[in-house]
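In what follows, a single structure is set out as structure tokens and then discussed.
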Amino acid sequence: MNILLTGGTGYIASHTAVVLIKEGHKVVLFDNLANSDISVLDRLEKILNKKISFIEGDVLDSELLSKTLKEHKIDAVIHFAGLKAVGESVENPLHYYENNVGGSISLIKAMQKNGIKKIVFSSSCTVYGEPQYLPLDESHPTNPINPYGFTKLFAENILHDLSISDPTWSIAVLRYFNPVGAHESGLIGESPKGIPNNLMPFIAKVATGELKSLKVFGNDYKTRDGTCERDYIHVMDLAEGHLAGLNFLEDHKGWYAINLGTGQSTTVLELLQAFEKINHVKIPYEIVGRRKGDAPACYAKPSYANKILDWKTKRSIELMCESSWKWESSHSI
Ligand code: NAD
Ligand code: UFG
């Protein structure tokens, strides 16, 4: 298949590109480089030993998207492009709605114009909001607690309405839990700009010495060790989930919301200790107050994905920590 990856030079898309190309698909990356670097292209070409098509553009530019879809004879799209910083979305909600919701509408219109009706959408477990029960299954009510979460839910709903108005669309909405880790080569990985908000990239930067110590947000939760539990998923497992999603859409029409997680929960201190152990490094930390809006625990029931996509995660917490460190220590030196 010819597949367009919007947000193609970003963290999850670049790993997905590796999996898709290895499977024999042709991939076109489309990105405005708002949160990624063009050097990702060279790195991908090194991993794959192949030239990769890249278009620099904004998903709000429906004309350019339409031209790209046509010229590259695209069969399916994976829509990764989006802004993802929760705090920034609270400060600048319009920018988030415009980029994430407006961008999705612009893309869908370009697809419609070209008769392309197969799409995988990057959603998030953040659409569930504060968990009412655990593990989270796909029937859990959706109730986002910040503008970023609402942009994901609105885009999901738009795709749902579209599938009702035109049942010939094939749509997989993939709700990721906490993606971490990097490709085994250490050539690509997550490189957030500025000080990381998320746990794994923060730990990795403490390990390099770039940041002094980790602040653990609260140890008075009702969890195994008092710190929050999350469902960390290796980005290569997630990438394989996208391949499985596309395969599924080959012979399924309609709209499907699917959790991509491991079903296992890991606390902040467990992740920190796993990182120290596998990488033989020390991560200084201090316990500070709770972070506003954090759920004590959040993890998936992945059985729907296991069943309908015939996919399940294979990679351990140790591998997540090892590959994150390999990436961080190689590119930050
Ligand atoms: P990322 O920032 O590394 O990748 C997103 C890419 O989209 C970036 O390269 C950015 O430059 C590009 N982009 C943003 N707006 C664009 C626009 N208007 N036009 C063209 N390109 C644009 O983030 P990621 O972690 O790879 O996330 C990919 C997708 O998955 C996002 O939609 C994100 O919301 C979603 N998601 C991420 C996580 C996570 O924790 N990483 C969890 C759940 C869902
Ligand atoms: N944490 C710390 N110190 C830090 C950073 C995080 O103790 O410096 C803790 C948090 O309190 C939380 C856990 O580590 O308990 C994980 O935090 P992350 O910020 O890495 O991940 P979240 O689960 O809070 O949220 C992220 C995104 C959401 C997205 C979700 C699932 O910010 O938008 O992952 O993909 F929905």
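The values are calculated or read from the model by the stated rules, or taken from the named source; none is laboratory data. In this text, all values refer to a predicted model and were calculated from it rather than measured experimentally. Every residue, glycine as well, gets a Cβ built from its backbone with ideal geometry; the counts of neighbours run over all protein chains shown. Areas reflect the complete protein model, heavy atoms only, side chains present, ligands, DNA and RNA absent. Shrake-Rupley method; radii C 1.70, N 1.55, O 1.52, S 1.80 Å.
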**Message:** Let me confirm something: among 8, 102, 82, 87, which residue is within 15 Å of ligand 1 (Cβ to nearest atom) and over 18 Å from the mean Cα position of the chain (by Cα)?
**Reply:** 102
**Request:** Take region 260-307 and flag every residue that is more than 11 Å from ligand 2 (Cβ to nearest atom), open to solvent by less than 50 Å² (accessible area, probe 1.4 Å) and in contact with a Pro (Cβ under 6 Å, 6 or more places away or on another chain).
**Result:** 263
**Subset tally (residues that are open to solvent by 30 Å² or more (accessible area, probe 1.4 Å) and either at pLDDT below 95 or of a type in the set (Asp, Glu) (or both)) for region 227-259** = 3
**Enumeration of residues in region 88-123 that are under 16 Å from residue 253 (Cβ atoms) and not in a helix (DSSP H, G or I)** = 115, 116, 117, 118, 119, 120, 121
**Message:** I'm checking my understanding of the structure. Among residues of region 131-156 that are in contact (Cβ under 8 Å) with a residue 12 or more places away in the chain and more than 21 Å from residue 179 (Cβ to Cβ), which one is nearest to the chain's Cα centre (by Cα)?
**Reply:** 154
**Asked** Could we say that residue 157 is surrounded by fewer than 21 Cβ atoms within 10 Å (Cβ to Cβ), assigned to a loop (DSSP other than H, G, I, E, B) and not aromatic (Phe, Trp, Tyr) here?
**Response** no
**Message:** As an exercise: evaluate residue 152 against (1) within 13 Å of ligand 1 (Cβ to nearest atom); (2) surrounded by fewer than 18 Cβ atoms within 10 Å (Cβ to Cβ) and give the number of the one condition it does not meet.
**Reply:** (2)
